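Every number here is computed from the coordinates shown, using simple stated rules; none is lab data. In this text the structure is predicted, and so the values were computed from the model without any measurement. Every residue, glycine as well, gets a Cβ built from its backbone with ideal geometry; the counts of neighbours run over all protein chains shown.
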Amino acid sequence: MRHIPVLLQETLDGLKLRRGDSVLDATSGSGGHGEALLSHIGRSGTLICLDQDEDALARSRLQLDPLPGTKKFVHGNFRDLAQLLSTEGITEIDAALFDLGMSSEQLEESGRGFSFLKDEPLLMTMQKGATLSAKDLLATLSESQLMDILKSYGEEQFAQKIAHGIVTARKEDPIESTTALVRIIKESTPPWYSKRRIHPATKSFQALRIAVNDEYSAIDEGLESAFTLLKPGGNIAVISFHGGEVRHVKSFFRHFKERSLTRVNKHAIKPSRTEMRENPRARSAQLFIFKKAI
Ligand SMILES: C[S@@+](CC[C@H](N)C(=O)[O-])C[C@H]1O[C@@H](n2cnc3c(N)ncnc32)[C@H](O)[C@@H]1O
């Protein structure tokens, strides 16, 4: 299923792009937001499409290449933004978008174990071929390290029980597939936990993905670099999907507000009921717009 860009109109309204702007799409994904950004900056503008997942970048290239306007496709982690853009000869940008997390294609088609609804190897690496995978963490971390990850990155209320379940299960067999992990989670939590609308493995899978990809440090470093590259008067839009991401986005703002960063909207912008109905993935999205003072 093709990824549907979330909070698209609200993002465009917030970025206030002009013809000829240079815009960074730090999470190019399937190029959904990118397509709309391109149409706003016109033929004289430049869209920098960055993604750490080669497959995602290939998808966005396929989508955006035929469209008018200059595009640069950059493979890498946005935590290395300054260096990646300087290699492309880019030293400043008019606006930036960070649409955090994963695309529908990564979840459903990557075969890398992001979805608890599929039977796949437990890799969870956003960058293909990355050396550290979820199965490595499950095989090597201590029970208390696993509990900390599940608690702090997933806010999983049964973190202790699940961590204990993992350490007990791996004595018998290595935990190498999504199905094996889902079974352990179900066996480690009370029966009612599996009967709710939310799948019992949701939070554990989120926590492991964040840990494998060191997502929070990447957000801190990526936003800081984007702020440095941003021209005065330029805007940064960040779409976040859960409490941990929101905390890091807010801490970026607190850190830079003394250096002329302002919040354009007092409260995070949330999707309309219609958008949530049409695209359930948008349900937890929150959009933040920041402006660098002139
Ligand atoms: C929610 S999707 C973006 C979807 C895109 N806005 C669209 O409309 O198609 C997030 C994308 O960001 C990428 N990503 C996540 N963290 C990243 C990071 N630290 N550096 C570079 N890309 C990252 C993921 O690989 C994924 O393709």
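Considering amide H positions built from the backbone, and no H for Pro or chain starts, which residues 5 or more places from Lys71, or on another chain, come under 5 Å of its amide H?
The answer is Leu47.
Over the stretch 110-213, calculate the relative contact order: mean separation of alpha carbon pairs under 8 Å at least 6 apart, over the residue count, as a percent.
Rounded, it is 36 percent for the stretch 110-213.
Remind me, relative contact order of the chain in percent, using alpha carbon pairs under 8 angstrom and six or more residues apart? List each step's numbers first, then the result.
Values: 527 pairs, mean separation 57.3, N = 294.
The normalised contact order for the chain reaches 19 percent.
When N counts the residues of the stretch 48-119, how does its alpha-carbon radius of gyration compare numerically with 2.2 N^0.38 Å, as a ratio? Spell out each step's value before the answer.
Numbers: Rg = 14.1 Å, N = 72, 2.2 N^0.38 = 11.2 Å.
So the stretch 48-119 has a normalised radius of gyration of 1.26.
Using the basic label-point model (7 angstrom from Cα toward the beta carbon), what is the Ser86 to Lys270 distance in nanometres?
The modelled label-to-label distance comes out at 4.2 nm.
Taking Cα atoms, how many degrees apart are the long axis of helix 178-188 and the longest axis of the chain, rounded to 10 and kept between 0 and 90?
60 degrees
Along the positive direction of the dipole of the stretch 155-266 (beta-carbon charges: Lys, Arg +1; Asp, Glu -1; about the Cα centre), which of His248, Val264, Leu223 reaches farthest?
Final value for the positive-end residue is Val264.
Could you check what % of the DSSP bridge pairs in the chain are antiparallel, to the nearest 5? Present the calculation step by step, with values, prior to reporting the outcome.
On the way: 11 of 30 bridges.
Here the share of antiparallel DSSP bridges comes out near 35 percent.
Starting from the coordinates of the alpha-carbon atoms of the stretch 1-100, obtain the Kirkwood hydrodynamic radius over all distinct pairs and give the value in Å to one decimal. Please report the intermediate quantities before stating the final value.
On the way: mean 1/r = 0.0756 Å⁻¹.
13.2 Å is the Kirkwood radius here.
Can you compute the FRET efficiency between Gln145 and Tyr193 using 1/(1 + (r/R0)^6), with r the Cβ-Cβ distance and R0 = 25 Å? Round to the nearest 0.05.
Calculated transfer efficiency: 0.65.
I need the trypsin sites (Lys or Arg not before Pro) found in the stretch 106-141, filtered to DSSP loop residues with at most 14 other beta carbons within 10 Å of theirs. Could you put the intermediate results ahead of the total?
On the way: sites: Arg112, Lys118, Lys128, Lys135; in loops: Arg112, Lys118, Lys128.
Passing both the DSSP loop test and the Cβ count: Lys128.
Can you compute the helix-only [θ] at 222 nm over the chain? Use -39500 (n - 2.57) per DSSP H run of at least 4 residues, normalise by all residues, nearest 500 deg cm²/dmol.
Working: 13 runs with 133 residues, N = 294.
My calculation for the chain gives -13500 deg cm²/dmol from helical runs alone.
What are the extents of the Cα atoms of the stretch 221-264 along their three principal axes, listed from largest to smallest and rounded to whole Å?
29, 21, 17
Across 5 Å bins from the origin, how do the percents of Cα pairs in the chain run, short distances first?
Result returned by the calculation: 1, 5, 12, 16, 18, 16, 13, 9, 6, 3, 2, 0, 0.
How much length is gained on full extension from Arg263 to Asp55, taking 0.36 nm per residue of separation minus their Cα-Cα distance?
Here the answer is 71.5 nm.
Please state the charge dipole magnitude for the chain, taken about the Cα centre, from unit charges on C-beta atoms (+1 on K and R, -1 on D and E), reported in debye and rounded to the nearest 20. Can you show the working numbers first?
Numbers: 40 positive and 38 negative charges, 232 e Å.
That gives the chain a dipole magnitude of about 1120 debye.
Under the 0.36 nm per residue contour assumption, what length would be gained going from the current alpha-carbon distance of His255 and Ala36 to full extension? Intermediate results must be reported in sequence, preceding the final value.
Details: separation 219, 0.36 × 219 = 78.84 nm, distance 3.03 nm.
The span from His255 to Ala36 would gain 75.8 nm if fully extended.
Which links in Lys118/Lys203; Lys203/Lys257; Lys135/Lys171 stretch past 23 Å when you go from one Cα to the other? Write out the running numbers ahead of the final one.
Values: Lys118/Lys203 16 Å; Lys203/Lys257 32 Å; Lys135/Lys171 14 Å.
Violating the 23 Å Cα-Cα cut-off are Lys203/Lys257.
How tilted is helix 202-213 with respect to the longest principal axis of the chain? Cα atoms for both, answer in degrees (0 to 90, nearest 10).
The two axes meet at around 60 degrees.
Expressed in whole Å with the largest first, what are the equivalent ellipsoid semi-axes of the stretch 158-294 derived from the C-alpha gyration tensor as the square root of 5 times each eigenvalue?
Working: eigenvalues 279, 73, 24 Å².
Over the Cα atoms of the stretch 158-294, the semi-axes work out to 37, 19, 11 Å.
Assuming a ≥ b ≥ c are the square roots of the Cα gyration tensor eigenvalues, decide whether the stretch 110-213 counts as rounded (a/c under 1.5), prolate (otherwise, with a/b larger than b/c) or oblate.
Working: a/c = 1.44, a/b = 1.26, b/c = 1.15.
Verdict is rounded for the stretch 110-213.
Would you mind checking the tilt of helix 32-41 against the longest principal axis of the Cα atoms of the chain, expressed as 0 to 90 degrees and rounded to 10?
That works out to roughly 10 degrees.
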